[in-house]
Amino acid sequence: MLQEELLSILGTAEKLKCNTRHSDTSSKRRESVAEHSWRLTLMAMLLEDEFCELDMNKVLRMCLIHDLGEAFTGDIPSFLKTKEDTEKEDQAFESWVDGFPVFQKVQFQGLLAEMSALQTREARLYKALDKMEAVIQHNEADISSWLPLEYELQLTYGTDEAENSPYLAKLRECIRNRTIEKIEKESKS
């Protein structure tokens, strides 16, 4: 890859540091898309031993690139995101990747297709972790930043995706218990 191509790609990806998500951090500022992707990738890396039968390198790559389309569209919270929004984001991502050098183009297109299809265990793991990381972040944010619909969403989001694995199901239950503790603590205040 030529140096100018690399710098151009990184320049576009930098937008994920600027584009914010719906959730706040524990320090009461908006979380960036890049911060979410970073911690999601760290989460997958920490779980390598739990999923040693999977291609965890692929899972890590999925986690790293899964929101790159948001460099063009910005983040739309899951409870507002439509099928059309997802298609627009994927199309922007694909159009951008189409200009990559051949090796990277094929690699990124393959990952996006696999992530969208959710047919492989790797793609399903990435998706489950993606949803759970969002719930973890909301649990770490001040509860005053939650919308009313998030009280229920915090209890259910990512549950179906976690059912594919006993480990993930237990992790989701642990996260759910923290949500319940947070809500109970807030109701006593």
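Along the charge dipole of the chain, Cβ charges K/R +1 and D/E -1, which of Phe79, Gly110, Trp96 sits furthest on the positive end? Checking the options against the dipole of the chain, the answer is Phe79. Beyond 24 Å in Cα-Cα separation lie the following of the pairs Lys28/Lys131; Lys127/Lys188; Lys81/Lys170; Lys17/Lys81; Lys88/Lys131; Lys15/Lys127: Lys127/Lys188; Lys81/Lys170.
When you restrict to C-alpha pairs under 8 Å that are six or more residues apart and normalise by the size of the stretch 1-110, the relative contact order lands at 25 percent. The simple spin-label model puts a point 7 Å past each Cα toward its Cβ; for Thr156 and Arg178 those points are separated by 2.2 nm.
Calculate, for Ser187 and Lys81, the FRET efficiency according to 1/(1 + (r/R0)^6) with r their C-beta to C-beta distance and R0 30 Å; round to the nearest 0.05. The value I calculate is 0.55. Compared with the alpha-carbon gap, the fully stretched path from Gln107 to Ser144 is longer by 9.2 nm at 0.36 nm per residue.
Mean residue ellipticity, 222 nm, helices only, the chain: the sum of -39500 (n - 2.57) across DSSP H runs of n ≥ 4, divided by residue count and rounded to 500, is -21000 deg cm²/dmol.
Bear in mind that the values in this text are calculations on the coordinates, not laboratory data. Keep in mind it's a predicted model, so treat the numbers as computed, not measured. Positions of Cβ are backbone-derived with ideal geometry, glycine not excepted, and every protein chain shown enters the neighbour counts.
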